[in-house]
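Notes follow the structure.
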Amino acid sequence: MARTKQTARKTTSDKAPSRRQFHERSTAVADAWAITEIAENILAHLPMKDLLLVQRVSSGWRELIKSSPTLQELLFMRPRQIQAGQNISSDSIPIREFNPLLVEHMPLWFSAGDAYFQTVKDAPWAESVSRLVFLRQDASWRHMLLAQPPFTAFESVRRVHAMGGDSLSVGCIDQPDGVRMGLAYDKTVHPIKEGHSTLPNSFHTLMDGRTAHDAQVPSVQDDVQGDLETQERIFGGVNKFTLFFWTTRGCTGPTYEQMRKMRLEQRQFTSAGFESVDIVLHEVNRHSASRDRFSWWTEDGYRR
């Protein structure tokens, strides 16, 4: 009997809170979330991927995240300005924080890779059903900055490999609000308006004149003589994100079937949010004294 009463008292004391108590607790939590500074501080501790996903919880959270400068910077949607005293490398290049989600899902744009064979079709999601998800019109990655602080210029470099020698054309546009992944991707799939520059386009990128996002020093080729200041830089440089792509031009153009296949592949990899951006390319003259008609520049943009 004593055990029964003791059990009954324990059961009574451990019962669920009343509706009134639950309402009071819920109201307290809601009041805390209603304070923008508290809600912002809580959300700022979430991993970047989770911070993106919680926008689906409610319209209130979505509006809070979209209107918060701090959270937008954490999502690489809003530029983070270079602050006084910010870390600068020995070669006067800002030390950037690269977008971790883009590095994971768009690694080809952040690593030197093998520029002779690397194409957009080598993206980790290219041959899976995820491709349709990545290329949807409202995909968040299109609006993301590549790095913080952001690159402020986008440069396009085209190499045409032909029997008579290589030609090189360079064009650049300013991006005062930062270079975003949508532009970098679109110019990889549609690098030029005319010509036979359809998929596959082999490409690699330069960031601040470096061939990989984790490089610590410029990777100038060993055959470049003298100090950097005395060398002519053809492309690349500080605060620039450079997309270098190349094609081969034979004696005859591609056949009708080849062109049809390339156009089809191009459509398959075109983002539904594609935006056309014109970049005027100017051909760079090769010095007549150059010993090599092919690759008369270094990988990171200096004239040989």
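Every read-out reported here was derived from the displayed coordinates using simple, explicitly stated rules and does not represent laboratory data. Bear in mind that the values here come from a model prediction, so they are computed numbers and not experimental data. Every residue, glycine as well, gets a Cβ built from its backbone with ideal geometry; the counts of neighbours run over all protein chains shown.
What to note about this one:
- Gain in span if fully extended, E37 to S92, counting 0.36 nm per residue against the direct Cα distance: 16.2 nm
- Cross-link pairs K187/K240; K49/K121; K66/K240 - those with Cα-Cα distance over 22 Å: K49/K121; K66/K240
- Pair T248, Q72: separation of 7 Å Cα→Cβ label points (nm): 4.7 nm
- A Förster radius of 22 Å combined with the Cβ-Cβ distance from M259 to K121 puts the calculated FRET efficiency at roughly 0.80.
- The range 114-188 - convex hull of alpha carbons, volume per residue in Å³: 126 Å³
- Ranked by how many other beta carbons lie within 10 Å on average, peptides 235-241, 271-277 from highest: 235-241, 271-277
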